[in-house]
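Notes follow the structure.
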């Protein structure tokens, strides 16, 4: 009955931190000072994502891995949970940093994505779940532990590579958006 012991690898608490890394700069009117500097935009976005990841890592990775360790199911579940959580953290931080650059109300959209898309719509079928990061982290858990989880049918390589590609794309799109948007 390993599947009941496997913690969900969604990374809670990432979306307000990652979205606020740049979104709050826009709200308090300080982003204009960075925007006016004659420099590339990708270091600003990458720095915001790395700052969000630095803040989110201890408050997400430690409790989730500790919960896996407390199940008593062995080291396999702990290493699988650690890998899935790190992969999820990288993907979610990049996506929510993009939300912070692109959207004015990033907290509302972050909640909608987590609760509605990943929590409800992605559970409806495998086709829709392909665009939910949760499916990839669950696939890592299934591959490493042998647990039986719904919507977790990717190989380990695909489950690690896809969120990394999504993270790079999100940072690139956020950099492009920051370079091309009007800052008031």
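The values are calculated or read from the model by the stated rules, or taken from the named source; none is laboratory data. Being a predicted model, the structure only gives us computed values, none of them experimental. Cβ placement follows ideal geometry from the backbone for every residue including glycine, while neighbour counts extend to all protein chains displayed.
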Restricting the range 118-132 to residues that are surrounded by 17 or more Cβ atoms within 10 Å (Cβ to Cβ) and free of Cβ contacts under 8 Å to residues at least 60 places away in the same chain, the residue that is nearest to the chain's Cα centre (by Cα):
132
Is at least one residue of the range 147-155 surrounded by fewer than 20 Cβ atoms within 10 Å (Cβ to Cβ), free of Cβ contacts under 8 Å to residues at least 60 places away in the same chain and assigned to a helix (DSSP H, G or I)?
no
Identify, by number, the condition in (1) under 16 Å from residue 139 (Cα atoms); (2) at pLDDT 80 or above that residue 58 doesn't meet.
(1)
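Yes/no matrix, rows are residues, columns are (1) modelled with pLDDT of 80 or more; (2) touching a helix residue (DSSP H, G or I) at 6+ places or on another chain (Cβ under 6 Å); (3) closer than 18 Å to residue 153 by Cα:
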| residue | (1), (2), (3) |
| --- | --- |
| 102 | yes, yes, no |
| 122 | no, yes, yes |
| 127 | no, no, yes |
| 136 | yes, yes, yes |
Condition met for residue 95 (in contact with a helix residue (DSSP H, G or I) (Cβ under 7 Å, 6 or more places away or on another chain), in a helix (DSSP H, G or I), under 24 Å from residue 61 (Cα atoms) and modelled with pLDDT of 80 or more)
yes
Does the range 30-43 contain at least one residue that is at pLDDT 75 or above, farther than 26 Å from residue 174 by Cα and either in contact with a helix residue (DSSP H, G or I) (Cβ under 7 Å, 6 or more places away or on another chain) or not in a loop (DSSP other than H, G, I, E, B) (or both)?
no
Determine, yes or no, whether residue 70 is modelled with pLDDT under 80 and out of contact with any strand residue (DSSP E or B) (no Cβ under 6 Å at 6 or more places or on another chain).
no
Name the pairs: first residue in the range 162-184 and on the phi < 0 side of the Ramachandran plot and modelled with pLDDT under 95, second residue surrounded by 15 or more Cβ atoms within 10 Å (Cβ to Cβ) and part of a loop (DSSP other than H, G, I, E, B), Cβ to Cβ under 6 Å, at least 6 apart or on different chains?
175/41; 178/41; 179/41
